[in-house]
Amino acid sequence: LLLGERQGDNAQVLALGRALTRDLGWPHEIRQIRYDDACGIPFGDRGASLIGIDRARSDRLDAPWPDVVIGIGRRSAPISRWLKEQTQGRLLNIHLGRPRVAYQHFDLIFTTPQYGLPPAPNVTKLTLPIILNDETQLEAEAKHWLPRFEALTRPWTAVFVGGPTSQLRFDREVGADLIARLQARPAGTLLVTTSPRTPPEVATLLAAAIRPPHFLHLWSPKEPNPYRALLKLADAFIVTNDSVSMIAEAVDMMKPLYLFEVPRRPKREGMGPWQTIRY
């Protein structure tokens, strides 16, 4: 299982790996990959290679080689292709999301509608990403965070705030619209958490607007994150639609779910629908 630096992506890879272990008895091993942001070679041009990996901070990739590799997104595509070469093509290369390189490099691709991948024999389109919430972990996180929330008025509405993508615009104006809609919600308490992609200006707006008795957590790599506790404890969810992983994890809890639609970026003049996607 190739893990990168995006929590939502990692959750999908781990979910599929754990399901294969549970249902088929396939053991799995995790390889955490860190990337060198100074590398100027586009991911689509790295071929089958380890170009752009921060070797000192990444897990080793060496023999014995696996029978199957599962990666996600464009970052892991060169690595999984390189691993397949080390096995003279015997390795089963499974990819999640959109690899942004030619399909023939992968044995199976599991994708979701927002990527708009054309049909192919090795492509399976899923309604939502693969997720597998760990009930034991959810219970433990809920127990840890519950004392922070139990005095707050029910119902508790968890608000998961994402950020901009290549297709969606999430700036100060969009953040202000989100806050206005949150403030118009009926009685109860908002439990708001941001994510690594939330722009600083949106986080600043939230900090000014979401005051006690409501709860706000501004994401930081150095601070514990209440996200999984909120999945377990909340009575309902509001999720920004830039992250299908957050949507899928909320859907899995079988509670009321509302989406805040982040506006699309305007198309650049002269660009057709296929000019922005590399196959």
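Points worth noting:
- Note on the range 186-201: residues that are in a loop (DSSP other than H, G, I, E, B), in contact with a strand residue (DSSP E or B) (Cβ under 8 Å, 6 or more places away or on another chain) and more than 13 Å from Phe160 (Cα to Cα) amount to 1.
- Complete set of residues in the range 75-89 that are in a loop (DSSP other than H, G, I, E, B) and either open to solvent by 10 Å² or more (accessible area, probe 1.4 Å) or touching a Ser or Thr at 6+ places or on another chain (Cβ under 8 Å) (or both): Gln88, Gly89
- Restricting attention to the range 10-32, the residues that are under 22 Å from Val244 (Cβ atoms) and either free of Cβ contacts under 8 Å to residues at least 40 places away in the same chain or crowded, with 17+ Cβ neighbours inside 10 Å (or both) total 9.
- Note on the range 147-165: residues that are open to solvent by 60 Å² or more (accessible area, probe 1.4 Å) and touching a residue at least 24 places away in the same chain (Cβ under 8 Å) amount to 4.
- The residues of the range 202-217 that are open to solvent by 70 Å² or more (accessible area, probe 1.4 Å) and either closer than 16 Å to Gly162 by Cα or touching a Ser or Thr at 6+ places or on another chain (Cβ under 8 Å) (or both), listed by number, are Thr204, Pro213.
- Any hit, the range 133-143, residues being over 17 Å from Ile247 (Cα atoms), aliphatic (A, V, I, L, M) and in a helix (DSSP H, G or I): yes
- Only a single criterion out of (1) modelled with pLDDT of 90 or more; (2) assigned to a loop (DSSP other than H, G, I, E, B); (3) open to solvent by less than 70 Å² (accessible area, probe 1.4 Å) is not satisfied by Pro121, namely (3).
- Pairs meeting the criteria (first residue in the range 112-137 and touching a residue at least 40 places away in the same chain (Cβ under 8 Å), second residue aliphatic (A, V, I, L, M) and assigned to a loop (DSSP other than H, G, I, E, B), beta carbons under 7 Å, at least 6 apart or on different chains) are Thr112/Leu126; Thr112/Leu128.
- Qualifying positions in the range 151-176 - of a type in the set (S, T, N, Q) and either at pLDDT 95 or above or under 19 Å from His217 (Cα atoms) (or both): Thr153, Thr157
- Those residues of the range 90-110 which are on the phi < 0 side of the Ramachandran plot, part of a loop (DSSP other than H, G, I, E, B) and in contact (Cβ under 8 Å) with a residue 24 or more places away in the chain, in sequence order: Leu91, Arg98, Pro99, Val101, Ala102, Phe106
- Filter pass, Gly71 being modelled with pLDDT of 95 or more, open to solvent by less than 20 Å² (accessible area, probe 1.4 Å) and touching a strand residue (DSSP E or B) at 6+ places or on another chain (Cβ under 7 Å): yes
- Looking across the range 160-185, just one residue is over 27 Å from Arg98 (Cα atoms), not in a helix (DSSP H, G or I) and not charged (D, E, K, R), and that is Ala184.
- Residue tally, condition open to solvent by 40 Å² or more (accessible area, probe 1.4 Å) and either at pLDDT 95 or above or closer than 20 Å to Thr165 by Cα (or both), over the range 90-104: 3
- The residue list Ile179, Ile130 contains one member that is modelled with pLDDT of 95 or more and β-branched (Val, Ile, Thr), which is Ile179.
The values are calculated or read from the model by the stated rules, or taken from the named source; none is laboratory data. Keep in mind that this is a model prediction, so the values were computed, not measured. So basically every Cβ, Gly included, is an ideal-geometry build from the backbone, and we count neighbours across all protein chains shown. Side chains are part of the model used for accessible areas, which takes the heavy atoms of the whole protein and leaves out ligands, DNA and RNA. Shrake-Rupley method; radii C 1.70, N 1.55, O 1.52, S 1.80 Å.
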